[in-house]
Amino acid sequence: MNKYEIMFIVKATMESADIKKCAESFKSLISDLKGKVVEYKELGEKKLAYPIKKELNGYYFVMQVEANKDTIQEFDRKIRLDENVLRHLIIRQEEE
């Protein structure tokens, strides 16, 4: 199992309940794919540096996860398909 940091930005124009539901679905997706969410942070709404898909603000989330390569590939595929996610970034952390 490798350690990863996943950051994603959800459209801030959605209802707050829908934003939380979207983020929770990605959190549970990691667990469903045999990964483990070590830490989960909701960073809140922030102004974007430049408009993305005509959105000026985004709602930020960060997760620290332990997962294998196949889990991360499937997560990446599913998050790309979600039109409510403006951007995402997956970084593999170095072993200590």
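The values are calculated or read from the model by the stated rules, or taken from the named source; none is laboratory data. Here the structure is a predicted model, which is why all the values come from computation and not from measurement. Note that each Cβ is placed from the backbone with ideal geometry, even for glycine, and that neighbours are counted across all protein chains shown.
In a residue-by-residue description of the stretch 35-45, the property of being out of contact with any strand residue (DSSP E or B) (no Cβ under 9 Å at 6 or more places or on another chain) and without any contact (Cβ under 8 Å) to a residue 40 or more places away in the chain applies to no position. Checking the stated criteria, residue 71 turns out not to satisfy the condition of being outside any helix (DSSP H, G or I), of a type in the set (Ser, Thr, Tyr) and modelled with pLDDT under 95. Of all the listed residues (26, 61), the sole one being part of a helix (DSSP H, G or I), touching a helix residue (DSSP H, G or I) at 6+ places or on another chain (Cβ under 8 Å) and of a type in the set (Phe, Trp, Tyr) is 26.
Would you pick out the residues in the stretch 11-26 that are surrounded by 15 or more Cβ atoms within 10 Å (Cβ to Cβ) and closer than 18 Å to residue 64 by Cβ? It would help to see each step written out before you state the result.
Going through the stretch 11-26, the residues surrounded by 15 or more Cβ atoms within 10 Å (Cβ to Cβ) turn out to be 11-12, 19-20, 22-23, 26.
If the condition is that a residue be surrounded by 15 or more Cβ atoms within 10 Å (Cβ to Cβ) and closer than 18 Å to residue 64 by Cβ, then 23, 26 are the ones that fit.
The set of residues from the stretch 83-94 being assigned to a loop (DSSP other than H, G, I, E, B), out of contact with any helix residue (DSSP H, G or I) (no Cβ under 7 Å at 6 or more places or on another chain) and in contact (Cβ under 8 Å) with a residue 40 or more places away in the chain comprises just one member, 93.
For (1) at pLDDT below 95; (2) among the aliphatic types (A, V, I, L, M), each residue gets a yes or a no:
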| position | (1), (2) |
| --- | --- |
| 1 | yes, yes |
| 7 | no, yes |
| 24 | yes, no |
| 44 | yes, no |
| 54 | yes, no |
| 63 | no, yes |
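Across the stretch 29-58, which residue is surrounded by the fewest Cβ atoms within 10 Å (Cβ to Cβ) among those that are in a strand (DSSP E or B) and touching a Lys or Arg at 6+ places or on another chain (Cβ under 7 Å)? Taking the candidates together, the pick is 56.
Of all residue pairs spaced 6 or more apart or on separate chains, those with beta-carbon atoms under 7 Å, a first member in the stretch 52-72 that is farther than 19 Å from residue 10 by Cβ and touching a residue at least 40 places away in the same chain (Cβ under 8 Å) and a second member that is among the basic types (Lys, Arg) and outside any strand (DSSP E or B) are 71/34.
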